Amino acid sequence: MSYTSLMNYLTLGELASLIKTTVQSALSNDYWIIAEIAKVNYQYNSGHCYIDLVEKQEDTVIAQMRATIWSRNYRKMSSKFQRATGQDLNNGMKILMLAHVTYHEVYGLALNIRDIDPRYTLGEMALKRQQVIDRLVKEGIIDVNKKIIPPQIMQKIAVISSLSAAGYDDFIKKLDGNPYGYRFCHKLFQAYVQGDKAEDSIRSALMKCKRYKDIFDVVVIIRGGGSTVDLHCFDSYLLAKDIALFPLPVLTGIGHERDETVIDRVAHMRLMTPTAVAEFLISRAHVFEERIDALRQKLIIKTNTVLDREKHHMKTLKEHLMRHSTQYLKTSSLSLRNYIHLLQTQAMNSLRTPSINLKAYEGRLKGALQAVIKDKKQRLNELIQMVMIYPKHMVSMKSMTLEQLESKITLLDPINVLKRGYSITYVKGKAIRVTATVNKNDIIHTRLYDGTITSIVETIKEISNDEDE
């Protein structure tokens, strides 16, 4: 009897049919299922859409399954989802779907998606947004950028946007075409502002702006209008943290009036559209100009008031000075006349007084002059004697110094050193100071006082510090 005849067995096809029958009987209903889209593959030829679904727990996939939307349902379902969210089904979205469990003998277990509720996707995005905001609040950084005090006028602007975005074009036209003729300096740091690459792209642009933080007054993040789902990149925690901690004030104008994104919440100021951002910058410059004009008017009024007051004061001082000057001149004139009269009287009295004994003064002056001449002559003789003695003394001192130096030089003369028994050894024309410059079998020349000795090196022995001691 053979081994196979003792067993009951199924072929693979029979097992697959059994599984299919079991699945169809046990899971005959449609189910509302929540899952995340891992991959979307739309077949343009057939019109079918194939989706890989996953469920994650702390970034770990705990369930995975294939799903299919047949072409007869995909167009209707996709149009409905796009009208509600403004975007096609994309990787990373969480969806609530009505699906039927199917099993195929070749392709295995799968879901046949019959409907998708876009309201769940929008709600899931709102929940994630709130979780990010709560985290930023807990970390105490959500209002850090708002606390930055911007300059009164912001003319040097770093713009983060896509060059092809309609919002960027509107922003530049509004800014440069302002009716007041203000000149703004703006530089574009290009970035994607929607799609999967947007978050990393905007963060990279922010890092570039940060390198030039000392040049710019403000950073502006703008884009054109779009759907709510298009804004999911602006709800990123990492991007929001970068903006919250950015050293310059950040303004946002991402073209959506109803929904506030996370970066709108952490930015220094949120404006609805790129045009609104430009209008804000222009109006701030205009307010500054008006403030300057008001201050100028106040300065003019104040200056005129001060000038009028000082003119009145000067006029009063002038009148006062004229009165006092006239009185002073009168008083001085009278006093001068009195002095002239007194001088004339004293002069006449002096002429009548007997003349002073000039001879007595002459004798006293002559005696004082002779004493001075005698003293100066004695001092001159002393100086002459010093002049005659000092050079001889200096010559004597310098001669002694020269003799001492000559003696030292003679002692240091190499010939005299060699006379005392010392020698100088050369190798290749250079004096040997350390053993490291000599090799075995080198020819060396030793210079003595009365001649030279030529030798060949056989051994080299270094003396350590311990041996020297």
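Quick grid of which residues meet (1) at pLDDT below 75; (2) over 60 Å from the mean Cα position of the chain (by Cα); (3) open to solvent by 100 Å² or more (accessible area, probe 1.4 Å):
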position	(1), (2), (3)
Gly367	no, yes, no
Asn381	no, yes, no
Gln385	no, yes, yes
Ile389	no, yes, yes
Lys392	yes, yes, yes
Glu403	no, yes, yes
Thr410	yes, yes, no
Asn416	no, yes, no
Tyr422	no, yes, yes
Flag for Asn45 being modelled with pLDDT of 85 or more and open to solvent by 50 Å² or more (accessible area, probe 1.4 Å): yes
Residues Thr85, Thr68: which one is farther than 23 Å from Leu127 by Cβ and either in contact with a Cys (Cβ under 6 Å, 6 or more places away or on another chain) or open to solvent by less than 70 Å² (accessible area, probe 1.4 Å) (or both)? Thr68
Filtering region 95-109 down to residues that are outside any loop (DSSP other than H, G, I, E, B) and open to solvent by 70 Å² or more (accessible area, probe 1.4 Å) yields His104, Leu109
Name the residue that is modelled with the highest pLDDT, counting only residues in region 242-254 that are touching an Asp or Glu at 6+ places or on another chain (Cβ under 9 Å) and over 14 Å from Ile157 (Cβ atoms). Ala244
Can you tell which of Asp59, Asp52, Asp30 is open to solvent by 90 Å² or more (accessible area, probe 1.4 Å) and either at pLDDT below 90 or not aromatic (Phe, Trp, Tyr) (or both)? Asp59
Considering only region 224-236, I want to know if a residue exists there that is at pLDDT 90 or above and either out of contact with any Phe, Trp or Tyr (no Cβ under 6 Å at 6 or more places or on another chain) or open to solvent by 10 Å² or more (accessible area, probe 1.4 Å) (or both). no
For region 110-132, enumerate the residues that are among the aliphatic types (A, V, I, L, M) and either in contact with a Leu (Cβ under 9 Å, 6 or more places away or on another chain) or assigned to a strand (DSSP E or B) (or both). Ala110, Leu111, Ile113, Ile116, Met125
Filter region 263-279 for residues that are hydrophobic (A, V, I, L, M, F, W, C) and open to solvent by 40 Å² or more (accessible area, probe 1.4 Å); which is modelled with the lowest pLDDT? Met272
Looking across region 110-125 at residues that are out of contact with any Lys or Arg (no Cβ under 9 Å at 6 or more places or on another chain) and surrounded by 13 or more Cβ atoms within 10 Å (Cβ to Cβ), the single one that is modelled with the lowest pLDDT is Gly123
Assess whether Ile149 counts as being open to solvent by 20 Å² or more (accessible area, probe 1.4 Å) and not charged (D, E, K, R). yes
Quick check, is Ser164 open to solvent by 50 Å² or more (accessible area, probe 1.4 Å), closer than 25 Å to Val218 by Cα and assigned to a helix (DSSP H, G or I)? no
In region 432-450, which residues are open to solvent by less than 60 Å² (accessible area, probe 1.4 Å), closer than 18 Å to Glu462 by Cβ and in contact with a strand residue (DSSP E or B) (Cβ under 8 Å, 6 or more places away or on another chain)? Ile432, Val438, Asp442, Ile444
Taking region 167-218 on its own, how many of its residues are of a type in the set (Phe, Trp, Tyr), surrounded by 15 or more Cβ atoms within 10 Å (Cβ to Cβ), more than 25 Å from the chain's Cα centre (by Cα) and within 18 Å of Phe288 (Cβ to Cβ)? 1
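Table: residues versus (1) over 22 Å from Glu279 (Cβ atoms); (2) of a type outside the set (A, V, I, L, M).
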residue	(1), (2)
Ser71	yes, yes
Asp88	yes, yes
Leu96	yes, no
Leu127	yes, no
Ile148	no, no
Leu163	no, no
Ile172	no, no
Asp176	no, yes
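To keep it simple, each residue is scored yes or no on (1) under 34 Å from the mean Cα position of the chain (by Cα); (2) without any contact (Cβ under 8 Å) to a residue 12 or more places away in the chain.
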| residue | (1), (2) |
| --- | --- |
| Asp264 | yes, no |
| Pro274 | yes, no |
| Ser283 | yes, yes |
| Gln297 | no, yes |
| Ile301 | no, yes |
| Glu310 | no, yes |
| Leu321 | no, yes |
| His324 | no, yes |
| Lys330 | no, yes |
Of Lys398, Lys461, the only residue that is open to solvent by 100 Å² or more (accessible area, probe 1.4 Å) and part of a loop (DSSP other than H, G, I, E, B) is Lys461
Only one of His286, His324, His312, His320 that is modelled with pLDDT of 90 or more and open to solvent by 20 Å² or more (accessible area, probe 1.4 Å): His286
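The values are calculated or read from the model by the stated rules, or taken from the named source; none is laboratory data. Everything quoted here is computed from the prediction, not taken from an experiment. In this analysis, Cβ positions are derived from the backbone assuming ideal geometry, glycine residues included, and neighbour counts consider all displayed protein chains. Accessible surface is based on the protein model in full, side chains and every heavy atom, while ligands, DNA and RNA are left aside. Shrake-Rupley method; radii C 1.70, N 1.55, O 1.52, S 1.80 Å.
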